[in-house]
1. On a C-alpha basis, how far is the centre of the range 8-84 from the centre of the range 169-191 in Å? Whole number, if you could?
2. Taking θ as phi - 60°, what are the ³J(HN,Hα) couplings along the range 26-32 by the Karplus curve (6.51, -1.76, 1.60), each to the nearest whole Hz, with x for Gly and Pro?
3. Would you list, by chain and number, the aspartates and glutamates whose Cα falls below 19 Å from the Cα of residue 52, excluding same-chain residues fewer than 8 positions away?
4. Sorted by packing (mean other beta-carbon atoms within 10 Å per residue), highest first, where do 27-33, 186-192 land?
5. Go through the range 150-163 residue by residue and turn each phi into a ³J(HN,Hα) via Karplus (6.51, -1.76, 1.60, θ = phi - 60°); whole Hz please, and just put x for glycine and proline.
Amino acid sequence: EPLLSTIPLDSAAYDQAHGEYYALLTERQFFSSEPKLAIANYRQAMRLLPRKARISKYIATIFGSLSFAVIGDPNRGLRLVHEALDRPSMFQITDPWKLHLCLCIHHSFQGALNSVEDGAMRAIALSKTRKHPVNLLPAFYFLGTLNYWRNNLSEAVAYINVFLEHIYVVRPVYYAICAYIRALIYLAQGQAEKAKSVIGIDYILRKRIR
């Protein structure tokens, strides 16, 4: 905020700087459980941001759409994401797989497993040329958990193992979920000691992260 006050009103950077600020506020307020404020700032961000500000538009669109879902209007949230995908020239989209991962979150809220799977597979397919596949870990998380719910244990393990290899770059809560699922699969396979080992490693690593 102090930096914004130094930008002249007639500067070409004025609107973009304020738009980026509102985009960041959208994300912060979503995670602060203030979805209505997040939506208000999403609208401000999209009003001010130029086409070239694609990263800020991603942030505003993703967290604005999720905020609509949180307040009980999931269809409107989904519409925002689909509009961004349908109008790539307006949003300057070069990484559409990020929006497909956002769709996964929306569909997981609604328990639409087939749509979660479609979104995750689409994200992976669209990002095969990416140099940093670590960004795709949410897709492996979704595919691992939904295959576990479907009792497709071998497929669940394949995706979950990829996720578990990256503890230092994923949120601990999601790592813990995958670790416990992996342990439950070991138990289902009659491998109790391996299950205990996974839980023990998870506990030690999460303590270290804290």
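1. Between the Cα centres of the range 8-84 and the range 169-191 lies a distance of 34 Å.
2. 4, 5, 4, 6, 4, 6, 8
3. Qualifying aspartates and glutamates at Cα under 19 Å: 15, 20, 83, 86, 95.
4. Values: 27-33: 15.1, 186-192: 12.9.
Ranked from most to least packed, the peptides come out as 27-33, 186-192.
5. With coefficients 6.51, -1.76 and 1.60, one gets 8, 6, 8, 5, 5, 5, 4, 4, 4, 6, 5, 4, 4, 5 Hz.
No lab work stands behind these numbers, since they all come straight from the coordinates. This is a predicted model, so every value here is computed, not measured. Don't worry about glycine lacking a Cβ; one is built from the backbone with ideal geometry, like all the others, and counts go over all protein chains shown.
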